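The values are calculated or read from the model by the stated rules, or taken from the named source; none is laboratory data. Bear in mind the structure is a predicted one, so any value in this text is a computation, not a measurement. Ideal geometry is used to build each Cβ from the backbone, glycine not excepted, and the neighbour counts take in all protein chains shown. These accessible areas exclude ligands, DNA and RNA; they are computed on the full protein's heavy atoms, side chains included. Shrake-Rupley method; radii C 1.70, N 1.55, O 1.52, S 1.80 Å.
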Amino acid sequence: QVQLVESGGGLVQAGGSLRLSCVASGSIFSINTMGWYRQAPGKQRELVAVVNRGGSIVYAKSVKGRFVISGDNAKNTVYLQMNSLKPEDTAVYYCGVTTPLSYWGQGTQVTVSS
């Protein structure tokens, strides 16, 4: 099993920045992909950015050029740097991994005010 703990959410004005962190523990050797997903009220959870074991990264079109996913293997941590935030980025952000089983963190709220 893999345990995930997110941090770094909060309230920010449009145009601002936030950095989310996700620390993984447990069977981290089995992780194939690790990334960020978000779920806005009344909407389905969607991919934001994900990186695989080989280092390939996929971004959602809506965040490309504004968000950057990165990792620190020594700390078993993945980050999501979010710049030029927009009100439509408001959501609960979840860290998720596949092993190929899926594991999720508890989520962290990001609210962008206009």
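General remarks:
- Residues of the range 66-94 that turn out to be closer than 17 Å to residue 40 by Cβ and not polar (S, T, N, Q), as a count: 13
- Selection within the range 97-114 - of a type in the set (S, T, N, Q) and either farther than 19 Å from residue 31 by Cα or open to solvent by less than 10 Å² (accessible area, probe 1.4 Å) (or both): 108, 109, 111, 113, 114
- So residue 94, is it touching a Phe, Trp or Tyr at 6+ places or on another chain (Cβ under 7 Å), open to solvent by 20 Å² or more (accessible area, probe 1.4 Å), part of a strand (DSSP E or B) and in contact (Cβ under 8 Å) with a residue 24 or more places away in the chain: yes
- Residue in the range 68-76 that is open to solvent by 30 Å² or more (accessible area, probe 1.4 Å), under 19 Å from residue 110 (Cβ atoms), of a type outside the set (Ser, Thr, Tyr) and modelled with pLDDT of 95 or more present: yes
- Of all residues making up the range 46-64, the number that are surrounded by 10 or more Cβ atoms within 10 Å (Cβ to Cβ) and within 18 Å of residue 81 (Cβ to Cβ): 12
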